[in-house]
Every structure is written in C-alpha cells, then in structure tokens.
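Please treat every number below as a calculation from the coordinates, not as lab data. Computed from a prediction, not measured in an experiment: that's the story for all the values here. Methodologically, a virtual Cβ is constructed for each residue, glycine included, from the backbone with ideal geometry; neighbour enumeration extends over all protein chains shown.
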C-alpha cells in the first residue's frame, strides 16, 4: 500500500493548543513500520487553489494579511510554514487521487479540511483539499462527477459552500447536531445526529444516508474518515466505540469501491491522548490496505 503525508512540515503552536499536531508524525511512523510506502506530499501551485478559493482570500493567506477575525476563525497562528503545510495537505489528496484512479483506492494521511470554503478559512482548515483535487481532476479530464461522504463529527460547511451549487457533485455530511459549525451551509444531504449517538444508531443512519447518496452517479468518491465521532473525543459529543468506527469505515468503503475510485482522507480527531486518535486512524489505513 502507498499513502501520502505532510507531517514533516510541522507548524509552531502555543503550548496546550487543541490542534493535534503530533498525530500526523505518529501515524506516519506507525504505518511505515507496518510496511506502508509513504510519499511526501508536494505543495500545490497557487493557481490550482485559485480554481476553488477567492483570490483576495488567498492573497491574504499568502501574504500573512488575514484579519484578526479570520485568524480567530481559523484557530491556527499564521506562519509561512502553515501556508506551506496547507498547500502540501492538498497535494497529498491530489497524490492519493491519482493513485486511486490508477488502482481503485488511494489515501492521504491528512486532508479532510472541510471547513475551508470559497470565501473563508476556518476550523483549522486553510484550503479545501477535496474541492481543489476535484477541480484539478476536472481540468485534466480525469473525472467529472464526484460523491463526497463526510463522516467527520463536524458538518462540512466549506465543502457545502463550494460544491453545493455544483450539479456534478453530491456532498453527504453525517455529523453531530449540537456541534461546530454553529452557522451551517447546507450540504446536498445533511444527517444530524443527537449527542450520545452510539454504534448501532450511527451505523443505521449511515446506511440509510448512503442509500440516498449512492443514487447519484459519480466518477470518483472522496471519503472523510474523521476519528472524532469516538466516544472519548474532546470535541465530538457522539459515542462511537473504536470497533464502531472500524465498522463505519468498512461499511462506507465496501459500498463505494465497487462503484468508482475512492480517495480516503482523515479529517479530525481530538482525543485527550493522541495515541487513541492514531489507533483509530491506523485502523482506517488497515481497511484501505485490505482493499488496495
């Protein structure tokens, strides 16, 4: 199996910051030890980002001129390294997509930055890797119609803003009802789950949602395998076990892979002990490897 990672571009963060920067290196080292071949993600050109994101927003990001409100919404301190890392995160999803088109499934050990919209960067998400990747695949004539299955615990507002008006894309977001973002942009299908939702109820809702989403005809699928629905996550509010999350990944991937190439990205995970998030993510890698 091959996967893409940008963990070596580590951004400086204040002590105690909630963003789990350690998980990326720990996950990459763990799966490398298991025999996964890791490619270092390349930074995407700015013009590829401009196909999706507002040019003025990109200029402020590039030049370190984001407003105080924008920086607070992003939740990460600006630095040149942050921008480089963000461009490489998108590059990882592009690499995984090229691999998926050739081999049926591909994986980025980062990505899933679904709170980045056309006109905003927020919720730890600088650029929307899925939307930029789709735009690039279209520009190269490699795919047109896309299905996004977003199982991060937070609603994918940025993806919804970008792809909502797009008749050749369908975005499903399955998330906690009482959670960030508190002002939402509607996806093609949003499934709001009550706080405390456990494995059985979650998997039933997921199955029903996929029944609807899979009625859409697509050339490529993107799966956001967030670790944050886990019962111990600091920012999740749902109650899935690790076994339930593994069952979620198996269910989604076994339904998507017969239909079209699938690009898997990892999105959020905020366990108090980062090793719990790494364990959940490594289980997702294991399932992808079984399908590679």
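Extension gain for residue 33-residue 80 works out to 13.8 nm (0.36 nm per residue, less the C-alpha to C-alpha distance).
Site pair residue 139 and residue 46 shows an inter-label distance of 1.4 nm when each label is modelled 7 Å from Cα along Cα→Cβ. I need the calculated FRET efficiency for the pair residue 2 and residue 254, taking r as the beta carbon distance and R₀ as 22 Å, to the nearest 0.05. Computed FRET efficiency for residue 2 and residue 254: 0.60. In the frame of its principal axes, the range 84-157 has Cα extents of 32, 26, 23 Å, reported largest first.
Shape analysis of the chain based on the Cα gyration tensor places the equivalent ellipsoid semi-axes at 24, 22, 20 Å, largest first.
The Cα atoms of the range 1-74 cover 43, 33, 15 Å along the three principal axes, with the biggest extent listed first. Residues 182, 127 in ascending order of nearby Cβ atoms (within 10 Å, fewest first): 182, 127. Extension gain for the segment residue 207 to residue 54, taken as residue separation times 0.36 nm less the Cα-Cα distance, is 51.5 nm to one decimal. As a proxy for reagent exposure, ranking 284, 159, 257 by other Cβ atoms within 10 Å from fewest up yields 257, 284, 159.
Taking the number of Cβ atoms within 10 Å of each Cβ as an exposure proxy, the fewest-first ranking of 38, 287 is 38, 287. Computed on the chain, with alpha-carbon pairs under 8 angstrom and 6+ residues apart, the relative contact order is 20 percent.
If you take the Cα centroid of the range 17-36 and the Cα centroid of the range 115-178, the two points sit 24 Å apart.
Expressed as a fraction of 2.2 N^0.38 Å, the C-alpha radius of gyration for the range 145-255 is 0.99. Rg and Dmax of the range 1-135, based on Cα coordinates, read 14.7, 44 Å. Take the Cβ-Cβ distance between residue 69 and residue 178 as r, set R0 to 30 Å, and report the resulting FRET efficiency rounded to the nearest 0.05. In this case the efficiency is close to 0.80.
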